[in-house]
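Chemist: Following this message is one structure expressed as structure tokens.
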């Protein structure tokens with residue numbers, strides 16, 4: 001009984017962290033007796049990883065046939081730019097803070113002040 005109570009407390013603690021998590025990942029269910037995983041128009045052999053910079057996704061085909069689909073860079077989570085700034089997609093899905101008035105200019109706001 002004591003172990004069950006500990007498991008419940010650990011579960012509740014982990015659930016309390018969910019509001020602080022802003023990353024984007026999802027998993028597909030495992031598939032028995034398969035040699036590959038598929039997501040949209042992409043098929044990967046078991047154990048392989050593909051980084052798709054067009055959609056800013058990392059796809060992983062796990063050995064149990066499930067697939068991990070995670071956002072990378074600008075699609076990795078929720079970003080809140082400083083006042084006067086906006087978020088722009090940079091090279092290889094990186095995010096950049098740019099001026100909200102002119103997206104061709106880097107953000108001049110004080111970020112950590």
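Chemist: Between residue 79 and residue 3, what is the spin-label point distance in nm, taking each point 7 Å from the Cα along the Cα→C-beta axis?
Modeler: So the label points at residue 79 and residue 3 sit 4.5 nm apart.
Chemist: Tell me, what does the Kirkwood hydrodynamic radius of segment 19-75 come to in angstroms if you use every pair of distinct C-alpha atoms?
Modeler: Here the Kirkwood hydrodynamic radius works out to 11.7 Å.
No lab work stands behind these numbers, since they all come straight from the coordinates. Predicted, not measured: the structure shown is a model, and the values here were computed from it. A quick note on method: Cβ atoms are made from the backbone with ideal geometry, for glycine too, and the neighbour counts reach across all protein chains shown.
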